[in-house]
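Notes for the one structure printed next.
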């Protein structure tokens, strides 16, 4: 499915392809690409997917990075990646971002080999809500579960900030994935 040369010839950069693990159908993919402008990206992606027999359907959104990622360098390490969607009223958005900026360093220090990859804001949509998606990486599902059970004062403070962030949202949901474009380890799990 990865048609990187065709993507790049259209001016795009492949950021990553993730396969669902928990919370979405196993044959569903999340693909993040980077384009110099939204119309070029939309036209090129439509052309890339047109007539591809293995693609039953697709949806796309234009997103803008917020606090992270700071560069276009894609994630390359395999692990448990979580895509968490947020719907935040505009009046809470600044506090939401502030809590993210405050909590992320403590999160990454408390949980070895765990990272916040990025937080993107969806462009367009309902003006009454700000839709965003955060992508995090942990080494495996056990580490993902571990981050939900704080131990010690530093972890409790991180969890307090993250819980407050959830309180600011009208809705949030998450699904976990593995990185098909990882360079260190192939996801070869199959579900028959």
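The values are calculated or read from the model by the stated rules, or taken from the named source; none is laboratory data. Just so it is clear, the structure is predicted and the values come from calculations on it, not from any experiment. A quick note on method: Cβ atoms are made from the backbone with ideal geometry, for glycine too, and the neighbour counts reach across all protein chains shown.
For the stretch 27-37, a residue qualifies if it is farther than 21 Å from residue 84 by Cβ and either within 14 Å of the chain's Cα centre (by Cα) or surrounded by 14 or more Cβ atoms within 10 Å (Cβ to Cβ) (or both), and exactly one does: 35.
Can you confirm whether the stretch 17-26 contains a residue that is over 30 Å from residue 157 (Cα atoms), more than 20 Å from the chain's Cα centre (by Cα) and without any contact (Cβ under 8 Å) to a residue 12 or more places away in the chain? No, that holds for no residue.
Selection of the stretch 131-162 for residues being surrounded by 13 or more Cβ atoms within 10 Å (Cβ to Cβ) and in a helix (DSSP H, G or I) yields 141, 143, 144, 146, 154, 155, 157, 158, 159, 160, 161, 162. Residue count for the stretch 133-163 satisfying the condition of being within 27 Å of residue 61 (Cα to Cα) and in contact with a helix residue (DSSP H, G or I) (Cβ under 8 Å, 6 or more places away or on another chain): 3. Right, residue 76: surrounded by fewer than 19 Cβ atoms within 10 Å (Cβ to Cβ) and either over 22 Å from residue 143 (Cα atoms) or modelled with pLDDT under 85 (or both) or not? For residue 76, the condition - surrounded by fewer than 19 Cβ atoms within 10 Å (Cβ to Cβ) and either over 22 Å from residue 143 (Cα atoms) or modelled with pLDDT under 85 (or both) - is not met. Could you check how many residues of the stretch 1-23 are over 18 Å from residue 120 (Cβ atoms) and either modelled with pLDDT of 85 or more or outside any loop (DSSP other than H, G, I, E, B) (or both)? So the count comes out to 11.
Are any of the residues in the stretch 176-190 surrounded by fewer than 18 Cβ atoms within 10 Å (Cβ to Cβ) and touching a helix residue (DSSP H, G or I) at 6+ places or on another chain (Cβ under 8 Å)? Within the stretch 176-190, not a single residue is surrounded by fewer than 18 Cβ atoms within 10 Å (Cβ to Cβ) and touching a helix residue (DSSP H, G or I) at 6+ places or on another chain (Cβ under 8 Å). Taking residues in the stretch 37-53 that are within 12 Å of residue 10 (Cβ to Cβ), and partners anywhere that are assigned to a helix (DSSP H, G or I), the pairs with Cβ atoms closer than 6 Å and at least 6 places apart or on different chains are 48/6.
Residue count for the stretch 39-68 satisfying the condition of being part of a loop (DSSP other than H, G, I, E, B) and within 27 Å of residue 25 (Cβ to Cβ): 13.
If only residues of the stretch 24-38 that are touching a strand residue (DSSP E or B) at 6+ places or on another chain (Cβ under 6 Å) and either in the same structural domain as residue 145 (by TED's automatic domain parsing) or in a loop (DSSP other than H, G, I, E, B) (or both) are counted, the one that is modelled with the lowest pLDDT is 26.
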